[in-house]
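A short write-up of the structure that comes next.
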Amino acid sequence: MKKNKTTALAESADKQPDVIIVGSGAAGLTAALVLAERCRVLVLAKGALDGGSTAWAQGGIAAVLDAGDTFEDHINDTMIAGGGLNRRETVEFVIENAPEAIQRLADLGVPFNSESGAASGVLHLTREGGHSHRRIVHVDDATGWAVQQALIAAATAHPNITLRPDMVAVDLVTDRHRLEPAEGKHGAAPGGRQVWGVYALDAQTGRVECFAARATILATGGAGRTYLFSTAPRGATGDGIAMAWRAGCRVSNMEFMQFHPTCLYNLEVKNFLITEAVRGEGGHLKLPPGVPGGAERFMPRFDPREELAPRDVVARAIDHEIKRLGLDYVHLDISHRDPEFIRGHFPNIYERLLGLGIDMTKEPIPVVPAQHYTCGGVLIDMAGRTDLAGLYAVGECSESGLHGANRLASNSLLECFVFGDAAANDILARWDSFAAPPPLREWDASRVADSDEEVVIKQNWTEIRRFMWNYVGIVRTNKRLERAAHRIKLLKNEVNEYYSNFRLTSDLIELRNLLQTAELIVKSARARRESRGLHYNEDYPQTQPAARDTILVPN
Ligand code: FAD
Ligand code: SIN
């Protein structure tokens with residue numbers, strides 16, 4: 001499309017957006033900035049604009065930028081970590097587009113660290129588990145914060161982007177919600193296969209509004225909060241995955257929930273990540289003193305790559321040692337390195353720990369594994385398209401084939417930038433094929449009452465997260481998975497009844513999605529009769545010769 005068409009499109013949009021994006025993290029805002037050059041974009045976020053995982057990312061973004069590194073090495077590292085389940089076409093696409101994605105972020109003003117001072121112009125590259133080379137660009141140890149702020153600033157400044165925080169998407173609007181039959185003049189796909197937008201709860205007013213557009217992008221992040229302990233923020237409840245599933249999209253590889261090896265063990269602060277870059281810069285994992293082998297490294301016993309083995313291997317090793325010795329935590333120790341180096345590389349972690357009475361330049365950090373990343377999600381193609389016309393999914397809520405059975409460190413933000421861009425460009429390229437939305441039904445809240453017992457929501461929420469941690473965690477068995485499936489069945493009736501009878505709140509919306517996502521994880525885990533990557537089942541410890549995706553198809 002040429003520039004003059006750009007203006008025409010934006011003007012004809014009137015007050016209705018051309019595209020709705022649910023999610024204001026790395027994936028959603030990347031797509032918004034590309035689309036906004038040619039059409040009017042509405043971005044919904046369920047809390048603050050920086051409330052997703054993006055703002056919490058520490059380590060950085062993987063990209064081949066060093067002369068001694070190659071795309072082929074990054075591709076191989078990704079496929080090795082992914083247990084061979086990755087789709088090679090996607091891996092190549094993302095990795096080959098990484099340097100350009102980093103350049104776009106630098107152009108937006110993300111202040112990536114440079115080698116020996118800002119003036120050198122050569123980016124400093126750190127190292128993380130599973131990478132055969134230094135290739136992680138970063139902004140100190142708070143990369144995500146810098147990226148999120150730059151994206152929000154650019155989106156806020158763009159006249160074609162409207163940002164609406166505090167809007168909780170409830171469900172996708174499909175052909176089922178049309179006021180007229182599908183064969184009408186608006187030319188929708190028959191049979192409820194078209195998405196026209198979302199219903200979303202305004203958390204300030206308590207009203208559910210219907211937002212319609214020609215195309216909708218889900219960029220809602222992961223489902224980490226399905227687990228009792230997670231590094232992910234409060235809102236990671238799998239909303240986009242659950243909404244897409246309910247609307248008729250296939251969902252894939254949900255059994256591959258990634259556990260980060262090193263979350264701070266602290267009775268008050270439960271989800272503070274200690275970046276893998278600490279191990280990348282020489283940190284050692286040790287048993288605490290006072291147990292057999294105390295104060296000694298244990299990773300050499302588990303894997304020749306030692307502390308820099310991929311996450312699934314390191315997390316399982318820690319879990320094994322904790323269970324074997326009845327420990328609460330293990331130690332991560334980088335105190336053998338120069339204190340100036342530690343403070344310079346990890347200023348935020350250093351300050352945070354110091355505030356909790358731990359000086360990481362002098363003593364080890366107590367750590368435990370915690371849920372960290374959702375590898376599975378809404379099945380998409382190379383342009384972020386889902387099974388439903390008009391619906392795209394990008395970022396952590398999607399399953400593009402990049403991560404396979406285990407995500408390689410710092411490949412996730414990268415996926416958000418590359419697929420956010422790809423989905424937006426696909427929408428622009430196909431713009432003429434997207435019909436204007438038909439008249440749609442407003443949300444009907446006339447038959448619901450105010451909730452009589454909020455405690456039900458809290459109780460169910462905690463119960464789900466607890467049994468998922470205990471039964472569907474780092475090590476699984478058939479019996480544990482069966483127990484989890486049984487609990488989910490019982491809770492489903494209760495939550496559905498509650499959802500049908502009471503006025504919507506953010507907590508209720510999230511509970512419904514949390515349970516739906518838990519069900520998808522357990523179904524996928526039960527379907528996989530092998531151990532691969534992040535999915536380890538003691539009843540099927542072997543890996544099958546052929547790598548197959550677990551693809552769930554809605555009824
Ligand atoms: P998010 O950034 O999670 O954004 C989701 C958005 O969707 C939010 O705006 C949220 O409000 C919105 N949303 C969700 N549900 C709804 C709803 N129902 N209605 C409206 N809006 C909704 N990856 C790396 O590559 N490198 C790292 O160093 C790294 N470090 C990490 C550290 C931590 C502590 C964590 C938790 C993750 C880290 N990751 C890292 C993973 C990475 O941060 C995430 O995968 C990535 O940021 C996901 O981006 P996203 O845009 O898909 O979703
Ligand atoms: C970390 O900094 O260890 C997190 C990196 C990631 O999740 O990719």
- Somewhere in the range 368-382, is a residue touching a residue at least 12 places away in the same chain (Cβ under 8 Å) and either part of a helix (DSSP H, G or I) or basic (K, R) (or both)? no
- From the option list A445, A484, single residue qualifying as within 24 Å of M243 (Cβ to Cβ), out of contact with any Cys (no Cβ under 7 Å at 6 or more places or on another chain) and surrounded by 14 or more Cβ atoms within 10 Å (Cβ to Cβ) is A484
- The listed residue being without any contact (Cβ under 8 Å) to a residue 60 or more places away in the chain and charged (D, E, K, R), out of D387, D426: D426
- Being away from ligand 1 (no atom under 15 Å from the Cβ) and either at pLDDT below 95 or basic (K, R) (or both) is the filter here, so list the residues in the range 346-384 that pass it. K362
- Would a scan of the range 225-236 turn up a residue that is touching a Phe, Trp or Tyr at 6+ places or on another chain (Cβ under 9 Å), at pLDDT 95 or above and either at positive phi or of a type in the set (K, R) (or both)? yes
- Selection from the range 40-54 of residues that are assigned to a loop (DSSP other than H, G, I, E, B) and either touching a Ser or Thr at 6+ places or on another chain (Cβ under 8 Å) or surrounded by fewer than 24 Cβ atoms within 10 Å (Cβ to Cβ) (or both): R40, A45, K46, G47, A48, L49, D50, G51, G52
- Note on the structure: Among residues of the range 50-72 being touching a Gly at 6+ places or on another chain (Cβ under 9 Å) and away from ligand 2 (no atom under 16 Å from the Cβ), the residue nearest to G221 (Cα to Cα) is G51
- Query: How about the range 239-264: which of its residues are among the hydroxyl-bearing types (S, T, Y) and within 16 Å of ligand 2 (Cβ to nearest atom)?
  - Reply: T262
- Note on the structure: A317 passes all but one of the listed conditions (1) under 26 Å from L123 (Cβ atoms); (2) aliphatic (A, V, I, L, M); (3) at pLDDT 95 or above; the exception is number (1)
- Message: Just the residues that are among the hydrophobic types (A, V, I, L, M, F, W, C) and either more than 21 Å from the chain's Cα centre (by Cα) or within 16 Å of ligand 2 (Cβ to nearest atom) (or both), please, taken from the range 141-164.
- Response: A142, W145, A146, V147, A153, A154, A157, I161
- S410: passes all of (1) part of a loop (DSSP other than H, G, I, E, B); (2) within 23 Å of the chain's Cα centre (by Cα); (3) away from ligand 2 (no atom under 16 Å from the Cβ) but (3)
- Query: Under the condition of being of a type in the set (D, E, K, R) and in contact with a Cys (Cβ under 8 Å, 6 or more places away or on another chain), which residue from the range 385-416 is farthest from ligand 1 (Cβ to nearest atom)?
  - Reply: D387
- Would you check which residues across the range 421-437 are more than 22 Å from the chain's Cα centre (by Cα), of a type in the set (G, A, S) and part of a helix (DSSP H, G or I) and list them? A429, S433
- Query: Out of (1) more than 30 Å from R40 (Cβ to Cβ); (2) aliphatic (A, V, I, L, M); (3) assigned to a helix (DSSP H, G or I); (4) at pLDDT 95 or above, the odd one out for A119 is which?
  - Reply: (4)
- Query: Within the range 243-267, how many residues turn out to be in contact (Cβ under 8 Å) with a residue 12 or more places away in the chain and either among the polar types (S, T, N, Q) or more than 14 Å from K523 (Cα to Cα) (or both)?
  - Reply: 17
- Message: For the range 122-138, which positions are within 16 Å of ligand 2 (Cβ to nearest atom) and not in a loop (DSSP other than H, G, I, E, B)?
- Response: L125, T126, I136, V137
- Apart from one, (1) in contact with an Asp or Glu (Cβ under 8 Å, 6 or more places away or on another chain); (2) in a helix (DSSP H, G or I); (3) of a type in the set (A, V, I, L, M, F, W, C) all hold for W443; the odd one out is (2)
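The values are calculated or read from the model by the stated rules, or taken from the named source; none is laboratory data. As the structure is a prediction and not an experimental result, all values here were calculated from the model. So basically every Cβ, Gly included, is an ideal-geometry build from the backbone, and we count neighbours across all protein chains shown.
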